Amino acid sequence: MQDLTHEILELIRLTSTDLPADVELRLKQALTEEEPGSAASEALETILKNVELSRLNSTPICQDTGTPIFYVHYPEGWSTRQLKSQIRAALAEATKRSFMRPNAVDAIYDKNSGNNLGGEDFPSIHFEEVDKDQPLTIQLILKGGGCENVGAQYSMPYNPLGAGRDLRGVRKVVLDAVYKAQGQGCAPGILGVAIGGDRGSSYIKSKEVLFEKMGTRNPDPNVTSLEERLTREANQLGIGPMGFGGKTTVLETKITGLHRLPASYFVSISYMCWAYRRRKMIVNGNQVSYE
Amino acid sequence: MHTLTTPIQDETIRSLKVGEAVGITGTMITGRDTAHKWMIETFINKTRPPQGDDLQVYEELKKLLKGSIIYHCGPVVSGLETKEYKFVAAGPTTSIREEPYQADVMKHFDAKGVIGKGGMGEKTLKGCQEVPFVYLHAIGGAASFIARTVKRVVGVFKLEFGIPEAMWVIEVEEFPAVVTMDAHGGSQHAVVAQASKMILESLLAID
């Protein structure tokens, strides 16, 4: 089996230091929507300068290089055990080279491992087998703690808001989550929303939708219209970049559904900060490319 | 833009108002979750006996923090092996987690500013008026940009807390921030929270 450690290291470097073009474009668009000279506008200007500088100097966009979440799609024949060990080696090396901050802290003994490796669960790696003729792909999201902390899960019906078990209820709790987050998740944010599942699968799904590019809508028109409505209404809240007040609070909403138990109806919201660090590595034989 | 040079005098703090942009120059110290909990438990509430170099660090902190600033930041630092430390990425972390501790820490050390992001709550705002001090908002995620204003890492305390949680003593030049909580009870965060709450309620009234 190929040793991809070096290529995975490059994937990590790119993800941490080079914001995807679609996200940067959306941030530039947001800047044109804010009042010139306002705190919101200045915040976005600083954000965009930082994006450029990070790319140029190959330094982390954000010092919180987050939870590294890897999704590996592998055709038959690859060893997931070896891929896992290569990912872990690449992550430790990326930490040594200051592309990543040592972020894995033992929760019982409050000890930072120093190399971003902690037990079996840090980093988070998901494997999925694909058809033989498909390339191997490794996707990575770096999700910081500030935005992770403002994520929320609602068990419906949610009486404080009069939110029932339907899309109208979903709308209410998502708006509530955006309001509660204020600027603390580094607005403008991107919302990953999963409806259904159990508590665990629902939260996982709310992160998986974040692997889709900006502008990718749920193909179901009922869901698409809710996505668009939520983005529009979240922006009416006026929280703005960094919570300074302004027109851009949420850049986009991505919603997906999954089957649930008759008794359970969860709405899980993963808030992704503006530093939406998401990259993909594609391995076709000896060719490796990055998106 | 107003230049703030540490150590800062009380009258300077009282002259600052919400919305004012400042460039900070001088020495400051990073401190976040572990550091605040440690300071409160060991030196302020004294619920935990000092251990290791705690008391020595305390004496140093007393000198360094008087008139200075605590920066809520867990940096990416290079030069760990040679101890020629350099801040590579150093934006603010979310401040609200220090809400139970902040006002007491500022009062105890007579520190004059907190830099962070996302703002803080009522207890801290009350502390801003009493001590006095201000809350300064830096741009969250602008880590490479902000790291450029960190000219020198003077030293580090409590490295055993881990790189992000250690207390880094740094010299900064024209560190950019905005006053979002002042010493007169003004808070941009309270204003935005209140306004957005009213809009939320009107949106929730529609089905």
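The values are calculated or read from the model by the stated rules, or taken from the named source; none is laboratory data. The structure presented is a predicted model; accordingly, all values stated were derived computationally and were not measured. Cβ atoms come from the backbone with ideal geometry, glycine included; neighbour counts cover every protein chain shown. For accessibility, only protein heavy atoms count, side chains too; no ligands or nucleic acids. Shrake-Rupley method; radii C 1.70, N 1.55, O 1.52, S 1.80 Å.
See the values below:
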{"read-out": "Top-ranked residue of segment A:140-173 - restricted to ones that are within 23 Å of residue A:213 (Cα to Cα), hydrophobic (A, V, I, L, M, F, W, C) and part of a strand (DSSP E or B), ranked as most open to solvent (accessible area, probe 1.4 Å)", "value": "A:152"}
{"read-out": "Every residue from segment B:150-164 that is open to solvent by 50 Å² or more (accessible area, probe 1.4 Å) and within 12 Å of chain A (Cβ to nearest Cβ)", "value": "B:159, B:160"}
{"read-out": "First in segment A:147-170 and at pLDDT below 95, second anywhere and open to solvent by less than 50 Å² (accessible area, probe 1.4 Å) and part of a strand (DSSP E or B), Cβ under 9 Å, 6 or more apart", "value": "none"}
{"read-out": "Hits in segment B:106-123 (condition: surrounded by fewer than 24 Cβ atoms within 10 Å (Cβ to Cβ) and over 21 Å from residue B:11 (Cβ atoms))", "value": "B:108, B:121, B:122, B:123"}
{"read-out": "Which listed residue, of B:123, B:112, is of a type in the set (D, E, K, R) and closer than 18 Å to residue B:7 by Cβ", "value": "B:112"}
{"read-out": "First in segment A:103-122 and within 9 Å of chain B (Cβ to nearest Cβ), second anywhere and polar (S, T, N, Q), Cβ under 6 Å, 6 or more apart", "value": "A:103/A:116; A:105/A:112"}
{"read-out": "Tally of residues being open to solvent by 70 Å² or more (accessible area, probe 1.4 Å) and more than 19 Å from residue B:117 (Cα to Cα) across segment B:181-207", "value": "7"}
{"read-out": "Every residue from segment B:165-189 that is over 17 Å from residue B:138 (Cα atoms) and within 11 Å of chain A (Cβ to nearest Cβ)", "value": "B:165, B:166"}
{"read-out": "The one condition in (1) more than 9 Å from chain A (Cβ to nearest Cβ); (2) at pLDDT below 95 that residue B:141 fails to fulfil", "value": "(1)"}
{"read-out": "Of all residues making up segment A:23-34, the number that are open to solvent by 10 Å² or more (accessible area, probe 1.4 Å) and within 22 Å of the chain's Cα centre (by Cα)", "value": "6"}
{"read-out": "Evaluation of residue A:136 against (1) touching an Asp or Glu at 6+ places or on another chain (Cβ under 8 Å); (2) away from chain B (no Cβ under 11 Å) (one fails), failing number", "value": "(1)"}
{"read-out": "Sole exception among (1) more than 19 Å from the chain's Cα centre (by Cα); (2) within 26 Å of residue A:140 (Cβ to Cβ) for residue A:212, by number", "value": "(1)"}
{"read-out": "Selection count where residues are of a type in the set (Ser, Thr, Tyr), part of a loop (DSSP other than H, G, I, E, B) and open to solvent by 10 Å² or more (accessible area, probe 1.4 Å), scope segment A:227-270", "value": "2"}
{"read-out": "Leading residue by the ranking (surrounded by the most Cβ atoms within 10 Å (Cβ to Cβ)) among those in segment B:14-55 that are closer than 14 Å to residue B:177 by Cβ and more than 14 Å from every other protein chain (Cβ to nearest Cβ)", "value": "B:28"}
{"read-out": "Single residue of A:85, A:98, A:113 found to be open to solvent by less than 30 Å² (accessible area, probe 1.4 Å) and more than 30 Å from residue A:195 (Cβ to Cβ)", "value": "A:98"}
{"read-out": "Test: residue in segment A:35-49 that is within 11 Å of chain B (Cβ to nearest Cβ), open to solvent by less than 30 Å² (accessible area, probe 1.4 Å) and within 27 Å of residue B:82 (Cβ to Cβ)", "value": "no"}
{"read-out": "Subset of segment A:177-200 (residues that are surrounded by fewer than 21 Cβ atoms within 10 Å (Cβ to Cβ) and touching a Phe, Trp or Tyr at 6+ places or on another chain (Cβ under 9 Å))", "value": "A:196, A:198, A:199"}
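Every residue, every condition in (1) closer than 25 Å to residue A:98 by Cβ; (2) not β-branched (Val, Ile, Thr), yes or no:
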position: B:100; (1), (2): no, yes
position: B:106; (1), (2): no, yes
position: B:120; (1), (2): no, yes
position: B:132; (1), (2): no, yes
position: B:141; (1), (2): yes, yes
position: B:176; (1), (2): yes, yes
position: B:180; (1), (2): no, no
